[in-house]
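Working notes for the structure below.
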Amino acid sequence: MLQLLTFLVEKLSLLFRLKYFESPWWESDDRGRAAPRAPPPPLQRGDLLEVPRTLFTHFGIYLGDNKVAHLIPDILPVFTSNSRLLRSVITNDRLILGCIYRRASVRVDSLEDFAYGSSILVNRADRMMQTQPLPGERVAQRAERLLGDVQYSLLWNNCEHFVTFCRYGSATSRQTEKFCESLKSLIRDQRSVIITGLLGFISLVCFGVAPSTTVPTVLIPFSLWMAG
């Protein structure tokens with residue numbers, strides 16, 4: 001059942017074009033500028049790391065000694081308190097279901113477990129933020145103070161909010177901003193009014209005239225029309 005739910009979430013995300021989360025929020029500035037790169041410098045305590053995960057880019061703070069602090073959703077604590085199981089690598093299935101259940105934690109994992117087989121990018125947000133990064137030791141200490149369970153929100157409290165708060169002093173998420181911009185564009189598209197109107201008419205035909213069908217049929221297209 002959990003595998004089926006995860007599969008449906010992934011496919012719906014593709015259908016509604018949420019796959020942009022796989023690209024870092026500054027990718028548009030890097031397109032067309034591919035060039036040979038020098039080997040990355042050794043990681044420093046307080047570096048901001050990013051890796052692609054199933055539906056989005058995942059972020060963490062490097063603590064040194066091959067350890068990374070990161071805020072990550074996880075469904076497993078809902079079903080068990082076994083510390084050995086909870087410390088195991090969080091798979092994509094656990095991550096997606098944790099997003100749905102809004103259960104997460106700030107935890108420390110090895111660099112390899114954090115990367116989950118992907119390439120790691122370091123401090124790419126520094127050139128895009130309006131504020132300078134805090135000293136590395138202070139960044140790492142901020143991350144360490146926040147370890148523990150947290151309530152997850154894809155829009156208001158995700159892994160990018162965590163790392164930007166630790167490194168720059170303010171919690172922001174460009175991925176969230178891009179999602180909201182896409183949603184706003186969808187709402188403002190007048191074709192949405194036509195589609196919702198047709199769906200409402202079909203519901204009236206299939207289920208009859210009743211408050212449960214008539215009110216949404218009128219209210220939703222009207223709201224979209226006014227928002228556009």
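So which of 171, 210 ends up being at pLDDT 80 or above and small (Gly, Ala, Ser)? It would help to see each step written out before you state the result.
Details: 210 fails: at pLDDT 80 or above.
Selected residue: 171, the only one of 171, 210 that is at pLDDT 80 or above and small (Gly, Ala, Ser).
Among the residues of the stretch 97-118, those identified as more than 16 Å from the chain's Cα centre (by Cα), modelled with pLDDT of 90 or more and outside any helix (DSSP H, G or I) are 107, 108, 109, 110.
One line per residue, one yes/no per condition, for (1) in contact with a His (Cβ under 8 Å, 6 or more places away or on another chain); (2) of a type outside the set (Lys, Arg); (3) open to solvent by 60 Å² or more (accessible area, probe 1.4 Å):
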residue	(1), (2), (3)
67	no, no, yes
72	yes, yes, no
76	no, yes, no
89	no, yes, no
102	no, no, yes
113	no, yes, no
117	no, yes, yes
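Counting the residues of the stretch 77-96 that are more than 24 Å from residue 153 (Cβ to Cβ) and either assigned to a helix (DSSP H, G or I) or of a type in the set (A, V, I, L, M, F, W, C) (or both) gives 3. Condition check for residue 185 on (1) among the polar types (S, T, N, Q); (2) at pLDDT 65 or above; (3) surrounded by 12 or more Cβ atoms within 10 Å (Cβ to Cβ): one failure, at (3).
Yes or no, residue by residue, for (1) touching a strand residue (DSSP E or B) at 6+ places or on another chain (Cβ under 8 Å); (2) at pLDDT below 85; (3) part of a helix (DSSP H, G or I):
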{"site": "141", "(1), (2), (3)": "no, no, yes"}
{"site": "150", "(1), (2), (3)": "yes, no, no"}
{"site": "178", "(1), (2), (3)": "no, yes, yes"}
{"site": "204", "(1), (2), (3)": "no, yes, yes"}
{"site": "225", "(1), (2), (3)": "no, yes, yes"}
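The values are calculated or read from the model by the stated rules, or taken from the named source; none is laboratory data. Since the structure is predicted, the reported quantities are computational estimates derived from the model, not experimental observations. Neighbour counts are summed over all protein chains in view; Cβ atoms, including those assigned to glycine, are modelled from backbone coordinates with ideal geometry. These area figures cover heavy atoms from the full protein model, side chains too; ligands, DNA and RNA do not enter into them. Shrake-Rupley method; radii C 1.70, N 1.55, O 1.52, S 1.80 Å.
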